[in-house]
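I am attaching a structure below and will ask some questions about it afterwards.
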Amino acid sequence: QVQLVESGGGLVQAGGSLRLSCAASGRSFSNNPRAWYRQAPGKQRELVATITNFGTTNYADSVKGRFTISRDNAKNTLYLQMNSLKPEDTAVYYCNLHINYGLGRMEDYWGQGTQVTVSS
């Protein structure tokens, strides 16, 4: 069993910063969460940022240059540093652990999400 818990969200004014954390517990079969998603009301969940096992990062165009994804494998924790926040960033943010067992067998683990609200 794998559990993911997001934290660090809150209410912040435009231009402010927040750092989100995703703590993973339980066995993950040598895998760690590597992606942040967000979902705003009435919209589909979108991929915000990813980090590979080799440390390569990728970002959605909407957050590039403002957000930074990082990880601390020793602490089983994924982070998302969010700077220069905009009202458009308002959403529930989720971390994700995707496990590909091969042969078409895959599992996705999600936390409960943490609310980020950016006021104008």
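The values are calculated or read from the model by the stated rules, or taken from the named source; none is laboratory data. This one's a predicted model, so the numbers in the text were calculated from it and none came from an experiment. No Cβ is skipped: glycine too gets one built from the backbone with ideal geometry, and neighbour counts run over all protein chains shown.
Quick one: is Asp72 within 19 Å of Ser7 (Cα to Cα) and of a type in the set (Asp, Glu)? Lay out the reasoning, then the answer.
On the way: within 19 Å of Ser7 (Cα to Cα): yes; of a type in the set (Asp, Glu): yes.
Yes, satisfied.
Follow-up question, since we're still on this one. Please determine whether any residue of the range 41-48 is hydrophobic (A, V, I, L, M, F, W, C), in contact with a Leu (Cβ under 7 Å, 6 or more places away or on another chain) and free of Cβ contacts under 8 Å to residues at least 40 places away in the same chain.
no
If I ask for residues that are over 22 Å from Ser119 (Cβ atoms) and not in a strand (DSSP E or B), which ones from the range 15-51 would you list?
Across the range 15-51, the qualifying residues are Gly26, Arg27, Ser28, Phe29, Ser30, Asn31, Asn32, Pro33, Arg34, Gln44, Arg45.
Given (1) closer than 16 Å to Leu18 by Cβ; (2) over 12 Å from the mean Cα position of the chain (by Cα); (3) of a type in the set (A, V, I, L, M), where does Ala91 come up short, assuming only one miss?
Here Ala91 meets the rest and fails (2).
Being under 11 Å from Leu20 (Cβ atoms) and at pLDDT 95 or above is the filter here; which residues of the range 94-120 pass it?
Taking the range 94-120 as the starting set, the residues that turn out to be under 11 Å from Leu20 (Cβ atoms) are 94-95, 111, 113-116.
Those that are under 11 Å from Leu20 (Cβ atoms) and at pLDDT 95 or above: Tyr94, Cys95, Gly113, Thr114, Gln115, Val116.
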